[in-house]
1. Reported to two decimal places, what Rg/Rh ratio describes the range 129-278 when computed on Cα atoms with Rh from the Kirkwood expression?
2. Evaluate the distance, in nm, between pseudo-label points positioned 7 Å from the Cα of residue 200 and of residue 226 along their respective Cα→Cβ axes.
3. Order of 139-146, 258-265, 20-27 by packing, highest average Cβ count within 10 Å first?
4. Given N residues in the range 145-202, what is its alpha carbon radius of gyration divided by 2.2 N^0.38 Å?
5. Among 254, 74, 61, which comes first, then next, by fewest other beta-carbon atoms within 10 Å?
6. Beta carbons within 10 angstrom, averaged per residue: use that to sort the peptides 215-228, 190-203, highest first.
7. At residue 138 and residue 273, where each label point lies 7 Å from the Cα along Cα→Cβ, what is the point-to-point distance in nanometres?
8. Okay, which of the range 138-176 sit inside 16 Å, backbone N to the point 7 Å along the Cα-Cβ direction of residue 211?
């Protein structure tokens, strides 16, 4: 699902100004400097980027004119000036003038939307940019076979930390699977690292993981981090967390929220382009 200012604030498109304000304050508190101060520089960078997005959402949605234009760009069009004019009993000429003004206004909005959309398409998603070696690990898959991260050297690898009862993990899994199906042939590998300590003990927990994989059609490998050693090595503070690793085995991007297919694709292509430029 495409993220909008409404989904960012977790409110319906019909939300009142008071509801927008309350949601903004609630979301802003999640990324306050005081709250993230002890979570490390990587998370702090993401929190700052997210806070900037929240500020933009708040500025647009609390301004009636800007909100109306934004709603039009999303396809949630309010009544046009023509409809208002007809209800007011205006003359045919006045209605036609209103129509011309409305069309011109929509064209301007459409041009701005297309231009901004093209600019956004070249912009990377909010992620912490880092450049450090990815710590190697060997973990068992759900079927008990060992999987070693360094065996994937030469590919772009997305390592995703998750567990079955994590709502944003459930939200992003279809997007990860779609990205894997679309880009695996081009060199993208995805490894799902289940934080096993967050699951039920024993066979019940394994059954939950298998059901999760089946329900979401997961075909990329899932490994079990019993004891959370890899979780600690990668300094995972929130779930889900994803690390994008380049072909040389270095972590280049960290994402601390549910990702979309387009976000994965954008980061993958960025790392692919860097590799091609170095040849």
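What follows is calculated from the coordinates using simple rules that are stated; it is not laboratory data. Worth saying up front: this structure is predicted, and the values here are computed from it rather than measured. Note that each Cβ is placed from the backbone with ideal geometry, even for glycine, and that neighbours are counted across all protein chains shown.
1. 0.94
2. 1.7 nm
3. Taking the mean over residues of other Cβ atoms within 10 Å, the ranking is 258-265, 20-27, 139-146.
4. 1.25
5. Working: 254 21, 74 13, 61 26.
Final ranking by Cβ density, sparse to dense: 74, 254, 61.
6. 190-203, 215-228
7. Label at residue 138, label at residue 273, 3.8 nm between them.
8. 163-167, 170
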